[in-house]
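Structure record follows, encoded as structure tokens.
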2 protein chains.
Amino acid sequence: MDMAEKEKGNDNVIFVGKKGIMSYVLAVVTQFNNGEKDVVIKARGRAISRAVDVAEIVRQRFVTDTVAKDIKIGTEEIQGEEGPVKVSAIEITLSKK
Amino acid sequence: MDMAEKEKGNDNVIFVGKKGIMSYVLAVVTQFNNGEKDVVIKARGRAISRAVDVAEIVRQRFVTDTVAKDIKIGTEEIQGEEGPVKVSAIEITLSKK
């Protein structure tokens, strides 16, 4: 196993994008079932609303002994078609109580 | 002035909806210019991403001595066409440093 795979294996970060919302919910639930105490849900731009949905669905329906321990917002620069573009970002840390 | 107006007058809450983003930015900036130390930016559903945009634009471009002191997420029940619907919600408190 090379370094990249190792890091990926240890990762408790779920990046929310354009897939169906339940696939991210499942990914987060799986992390908790694997023994993680904290799972970080990240998103940018319009996916921010979906990240909040994911956190709320996990917390209310699947892993009910978790809490949104820390929520950060910020701005990231991504490469757009016409140069760098600033987008808002969110980072929600769901943690076992 | 009746009670409702009084409450409205004291309100440091900006509810982000479907208007142009800069109108919410302006509303928040105005609150700070009127001497508020904290302004609460609220949104539900898809407007959550826009609320983060509003907070980030205010903080980076207009009232740069502010910080997102507190961010809460939750679920609210609204009246849909076919009965009550659950939607995610966010509450960002921007505060003077």
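Assorted remarks:
- Label distances, nm, residue A:86 versus same residue in remaining copies, Cβ-directed 7 Å point: 3.6
- Built amide H within the under 5 Å cut-off of residue B:70, gap 5+: B:93
- The stretch A:6-96: translational diffusion in µm²/s, Stokes-Einstein, Kirkwood Rh over Cα pairs, 37 °C, 0.692 mPa s: 242 µm²/s
- Euclidean distance between Cα centres, the stretch B:76-97 to the stretch B:37-52, Å: 9 Å
- Using θ = phi - 60° and Karplus 6.51 cos²θ - 1.76 cosθ + 1.60, couplings along the stretch A:18-27 (whole Hz; Gly, Pro as x): 9, 6, x, 4, 5, 5, 6, 4, 4, 4
- Across the stretch B:46-54, computed HN-Hα scalar couplings (Karplus, 6.51 cos²θ - 1.76 cosθ + 1.60, θ = phi - 60°) run 5, 6, 4, 4, 5, 4, 5, 4, 4 Hz from first to last residue, x flagging Gly and Pro.
- The protein assembly as shown: C-alpha gyration tensor shape, a/c 1.5 cut-off, then a/b vs b/c: prolate
- Working note: 222 nm ellipticity from helices only, DSSP H runs with n ≥ 4, each -39,500 (n - 2.57), summed and divided by the residues of chain A, gives -10000 deg cm²/dmol to the nearest 500.
Bear in mind that the values in this text are calculations on the coordinates, not laboratory data. Keep in mind that what you see is a predicted model, and the values were worked out from it rather than measured. Cβ: placed from backbone, ideal geometry, glycine included. Neighbour counts: every protein chain shown.
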